[in-house]
Structure formats: C-alpha cells, structure tokens
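Every read-out reported here was derived from the displayed coordinates using simple, explicitly stated rules and does not represent laboratory data. Here the structure is a predicted model, which means the values were calculated and not measured. Please note: Cβ atoms are built from the backbone with ideal geometry, for glycine as well, and neighbour counts cover all protein chains shown.
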Amino acid sequence: MSFPSTFPASRLPDPMAAPTLRWGVLGTGWIAERFAGSLRRNTRQEVVAVGSRSVASAKEFADRVGIGRAHGSYVDLVTDSEVDVVYVATPHNFHHSHAQLAIDAGKHVLVEKPLALNAVEAAEVAERAAERGVYCAEALWTFYLPSYDVIRQLLDDGVLGDVRTVLADHGEWFPDTHRILRHDLAGGALLDLGTYPLALASWVLGEPEQVVAIGQDVPGGEVHGQVSAVLRHSGGTQSAINTTVMADTPNRAVLAGTGATLVTDGPFFFPGDLTLTSAGKESTIHYTEPAIGHDGLFVTAVEAARRIAAGETGTPLRPLADSVATLRVVDEIRRQIGVTYLEESAPGLPQ
C-alpha cells in the first residue's frame, strides 16, 4: 500500500450517543473517582451507587463525587437492583474476587486492569462471566481510545507493511507512601505499568513465543521496581519493553514496519498524538488527538454500554482472551525474576 497523505478518521461513535446504563462503582480510590468524573463530563451514563468496606467511606466518596447511594459493603452494591453494571476499581489483588462477586449477582462487569493477579485467575473470571451470560471486560482504556482505532485501521490496511519491531516503555516515579510500593496490595511495576507495553506488543505481534526478562527490586523496598524484557513473536518479530516505578521515562511506543514506522508523541497509553513516517523517511504525517489525560476513561464505559445494549457479552477492542494472554506473559516474567504475590498460595497458581 502507498504511503497515505492523511491519517484515517476514528470510527468510534459519539460517546453521548451510547445507551444510558446505571453504574455502580466498587471501590473508592483514585481511579474510581476519575472514572466517575469522566463519565459525568463526557457521557450520558449514570453513576448511581458506590460500594466500600464501610458506610463512612462510601458516603464520603459519594458526597465528593456526587453519587446518590452509598453502600457500606460490596455485597450491597452488587445486589442493588438499580445498578445495571459494576465497575471494579479495588486494588489488583481483589479484582478476581470482586469481579466474580458482581458476576454471581447477575451484574455486567467492567474490571480495572489487570483483570486479575495472574492468568489462572483471569481465566476463572472469564469462564464465570460466560456461564452467567453477562458482559465482562478489562478496562485497559488505551485500546478503547480513538487514536487506537486509527492505529487499528493502519494495521488492518497494511500501511506499516510487516511490523517487525515494537518498542514500548512505561516508567513513573512514585513517593514511598504510594500503594504501588506495597507488597500486600500486589504492588510493583508489572501489573500497574507493565501491563500497558506488554499488552501493546502482544496486540500488534501476537502472544510471544519466548520471553527473556531481568528485574530488580525497589532499593530497600518490598516490591519489584524495574523490569526489562525482550519478547520473540512469530514470523521473526520482536518487542522490547521496560517498566519502572523508580523514575519517569519517555513513555513512548514505536511500531516499526517495512513500509512505515508509527511513533506515539506522548504517553502511548493516553489520548494523544501520533506520527507516521515512511520507510526511508521520505514522508511524514501527524495525527492530533486532544491530550485530555484520565478524563478519557469514559471510553471503556461507553463501549460497555453499546455492547450490553446489543446483547453482547464482550468487546473486540479488548477481548477477554487478550487479557488472559497478557497475564500469561506477566506470569512468565514474574517466574523469571522471582515475583510472587501474597494471595498466590492456592494450588494451581504461580509460585
């Protein structure tokens, strides 16, 4: 295919046109607050209830965010008859149990990334949702963004030619008090940050056939702080990823093909700009997307609303099979660098 003169337009529908669903938020942390605010500012979705471990915590969140009903237990939230779909926003080590809690109550569920601690748990969530016939997806919002629909079209149309290499990093500095540095909350770089570059590499090149990883702990800390990995995919393709909680990195991604190279001009997992350069660097075009940061979290909710209204139980933008596959890669990296979470003591789970 010849090099294009412009980027294709995103095909994602107007978020205000998505059918209105009543959302219950399970959890009262940082991401839950931003999710609720994003829905209010950008969609017709209704956030009607919140659930926490105590009435006081739920009421404080509800008052701050503007939610009508505050439940002092997660069970009360998922059994609320006024809730159509539950957004699970608790720490990583609770995603598995809280997703299943909502599913067993017959609720559709959108689970913050990662879907679970490991591939075994993620597969259990997927199987339970299939048994109950409810919608279930991982809220890895990057793949729902308009810019990623543009990338999807470039890949489908062969504009990049054969993609041979994917490079991606996600690194941020965090203060010592942040929950990402707590072992009891499944902290460390991989689940919080590494999910993004690993998911991108597997999406573009397929699940890797070989993984070689190295990592190191936070100095004086109790979690892994930095991981680098080289992945070999089918057809002679490779990816290289790095993730760290000890420093800020460029947070860019590169998709290098025989026909063109695509580079994200900002954090690759956020809404933002893209640059496409032809092989030989003779031509370059730019794509601009408003850099609205976490205010773009609504994209996962409107996709869920559209699919649920259509009677569907998943989304092609982030299929559950892809969520499980990403965690298989994370599991292998953890095996190589020696990372185990506290909850992984049951038979069949990674040790």
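Here are the numbers:
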quantity	calculated
Spin-label model distance (nm) - Ile214 vs Ile292, 7 Å beyond Cα toward Cβ	4.2 nm
Gained length - Arg44 relative to Gln153, 0.36 nm times residue gap less alpha-carbon distance	36.5 nm
Residues Arg252 and Val230, FRET efficiency given R0 of 22 Å [Cβ-Cβ distance, rounded to 0.05]	0.80
For the chain: relative contact order, % (alpha-carbon pairs under 8 angstrom, 6 or more apart)	19 percent
Peptide ranges 101-114, 275-288, 230-243 listed from the most packed, as the mean C-beta count within 10 angstrom indicates	101-114, 230-243, 275-288
Backbone N within the range 322-344 under 12 Å of label point (7 Å from Glu222 Cα along the Cβ vector)	342
Degrees separating the helix 146-156 axis from the principal Cα axis of the chain, which is the longest one	50 degrees
Cα gyration tensor, the chain - rounded (a/c under 1.5), prolate or oblate	oblate
Over the range 57-179, relative contact order from alpha-carbon pairs under 8 Å, at least 6 apart, %	16 percent
Partner aspartates and glutamates for Lys107 [C-alpha distance under 20 Å; skip if fewer than 8 residues away on the same chain]	Glu46, Asp76, Asp80, Glu82, Asp84, Glu121, Glu124, Glu127, Glu131, Glu138, Glu303, Glu312
Environment charge of Val65, counting only residues whose C-beta is closer than 9 Å and scoring Lys/Arg +1, Asp/Glu -1	0
DSSP-assigned coil residues among GluC sites (Glu not before Pro) in the range 1-93, each with at most 16 further Cβ atoms within 10 Å	Glu82
Cα-based helix-to-principal-axis angle, 30-42 vs the chain, degrees rounded to 10	80 degrees
Cα-centred dipole magnitude for the range 31-184, charges only on beta-carbon of K, R (+1) and D, E (-1), debye, nearest 20	420 debye
Spherically averaged projected area in nm², based on the convex hull that wraps the Cα atoms of the range 1-158	10.7 nm²
Estimated FRET transfer efficiency (Thr340, Arg179; beta-carbon r; R0 25 Å; 0.05)	0.85
Sum of side-chain charges, Gly259 neighbourhood, beta-carbon under 11 Å (Lys, Arg +1; Asp, Glu -1)	-1
